[in-house]
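Just below is one structure, and these are the notes that go with it.
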Amino acid sequence: MPATVHLRLLAFASAADALGGGEHELEMAAGSTVADLRARLDRDHPSLAGLWPRLAVAVDGRLAGPAVELADGAEVALLPPVSGGAGGAAASAGAGVLSDGPLDVAAAVARVAAPRRGAVVTFLGTVRDHHRGRPVDHLVYDAYRPMAEAALARIVGDLEAGHRDLAAAIVHRLGAVPAGEASVVIAVAAPHRAAAYEASRTALERLKKEVPIWKREHYADGGAAWREEEPLTASADS
């Protein structure tokens with residue numbers, strides 16, 4: 001049995017600021033747990049200590065408690081509260097997609113629409129030009145991509161499994177998004193409007209709680225701040 005394990009540590013948003021970067025390689029004693037990693041980080045990065053009550057930890061893409069043992073080669077991510085939602089070419093609309101370019105609302109609707117589905121509900125989240133009276137120029141969205149993509153797919157799958165002949169699509173933009181442009185589109189189609197409305201609302205609420213996406217607000221005066229609002233939670237079956 002090796003005496004040490006090698007870890008890839010990823011940090012996002014305010015956690016990355018505290019660590020002085022978003023990616024680190026660490027070596028720890030074999031048998032170390034998430035709690036042991038926290039103790040080491042507290043020692044090496046005192047500025048991180050105040051963030052722990054707000055941080056979730058994922059090991060290899062799954063939320064993990066302090067007793068989880070860290071295997072050699074594990075990827076450990078420090079996840080602050082998520083922002084929720086909400087250049088390349090426009091994204092194609094799959095069931096759950098992260099886009100590095102402008103959103104194609106028509107493609108998202110086309111993904112779910114069908115003649116047998118009489119109700120189509122579209123939610124479009126756009127970047128506001130102000131926050132608490134302070135003019136906003138743009139937002140920059142970041143994500144833990146593998147975990148975010150899996151969470152989006154899980155949400156869509158649950159919605160479609162929960163209602164007969166319902167189809168859903170969620171597309172969230174990453175990178176810089178100017179004020180007034182869309183950061184997220186949710187399209188839902190169902191035979192009847194009640195199911196479509198319910199699924200659209202559920203998709204947005206789960207997106208805000210389960211998908212590791214963060215936004216940094218950039219103001220017209222040149223300042224910037226992370227908007228970390230929703231404690232990251234796992235779905236019942238994750």
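The values are calculated or read from the model by the stated rules, or taken from the named source; none is laboratory data. Since this is a predicted model, take the numbers as computed values, not measurements. A quick note on method: Cβ atoms are made from the backbone with ideal geometry, for glycine too, and the neighbour counts reach across all protein chains shown.
State the number of residues belonging to the stretch 1-17 that are part of a helix (DSSP H, G or I) and not hydroxyl-bearing (Ser, Thr, Tyr). Give the derivation first.
We begin by selecting, within the stretch 1-17, every residue part of a helix (DSSP H, G or I); these are 13-17.
Checking which are not hydroxyl-bearing (Ser, Thr, Tyr) leaves us with 13, 15-17.
Residues flagged as part of a helix (DSSP H, G or I) and not hydroxyl-bearing (Ser, Thr, Tyr) within the stretch 1-17 amount to 4.
One line per residue, one yes/no per condition, for (1) among the β-branched types (Val, Ile, Thr); (2) in contact with a His (Cβ under 7 Å, 6 or more places away or on another chain); (3) over 22 Å from Met147 (Cα atoms); (4) outside the structural domain of Asp142 (by TED's automatic domain parsing):
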{"position": "Gly180", "(1), (2), (3), (4)": "no, no, yes, no"}
{"position": "Ile186", "(1), (2), (3), (4)": "yes, no, no, no"}
{"position": "His192", "(1), (2), (3), (4)": "no, no, yes, no"}
{"position": "Ala199", "(1), (2), (3), (4)": "no, yes, no, no"}
{"position": "Thr202", "(1), (2), (3), (4)": "yes, no, no, no"}
{"position": "Glu205", "(1), (2), (3), (4)": "no, no, no, no"}
{"position": "Arg216", "(1), (2), (3), (4)": "no, no, no, no"}
{"position": "Ala220", "(1), (2), (3), (4)": "no, no, yes, no"}
{"position": "Thr233", "(1), (2), (3), (4)": "yes, no, no, yes"}
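Would you please list the contacts, defined by Cβ atoms under 6 Å and residues six or more apart or on different chains, that run from a residue in the stretch 185-210 that is more than 23 Å from Thr126 (Cβ to Cβ) to a residue that is part of a helix (DSSP H, G or I) and hydrophobic (A, V, I, L, M, F, W, C)?
Ala190/Ala196
Condition (residue is in a strand (DSSP E or B) and within 30 Å of Val5 (Cα to Cα)) applied to the stretch 79-88: is it met by at least one residue? Write out each step before concluding.
Initial filter on the stretch 79-88 (in a strand (DSSP E or B)): 79, 82.
Narrowing further to those that are within 30 Å of Val5 (Cα to Cα): 79, 82.
Checking the stretch 79-88: at least one residue is in a strand (DSSP E or B) and within 30 Å of Val5 (Cα to Cα).
What strands (runs of 3 or more DSSP E) completely inside the stretch 111-192 contain at least 3 residues that are among the aromatic types (Phe, Trp, Tyr), crowded, with 18+ Cβ neighbours inside 10 Å and touching a Cys at 6+ places or on another chain (Cβ under 8 Å)?
Working: elements: 119-126, 134-143, 167-173, 175-178, 182-190.
Here the list is empty.
With the condition kept exactly as written, say whether any residue in the stretch 218-225 is among the hydrophobic types (A, V, I, L, M, F, W, C), assigned to a helix (DSSP H, G or I) and surrounded by fewer than 14 Cβ atoms within 10 Å (Cβ to Cβ).
Scanning the stretch 218-225, I find no residue that is among the hydrophobic types (A, V, I, L, M, F, W, C), assigned to a helix (DSSP H, G or I) and surrounded by fewer than 14 Cβ atoms within 10 Å (Cβ to Cβ), so the answer is no.
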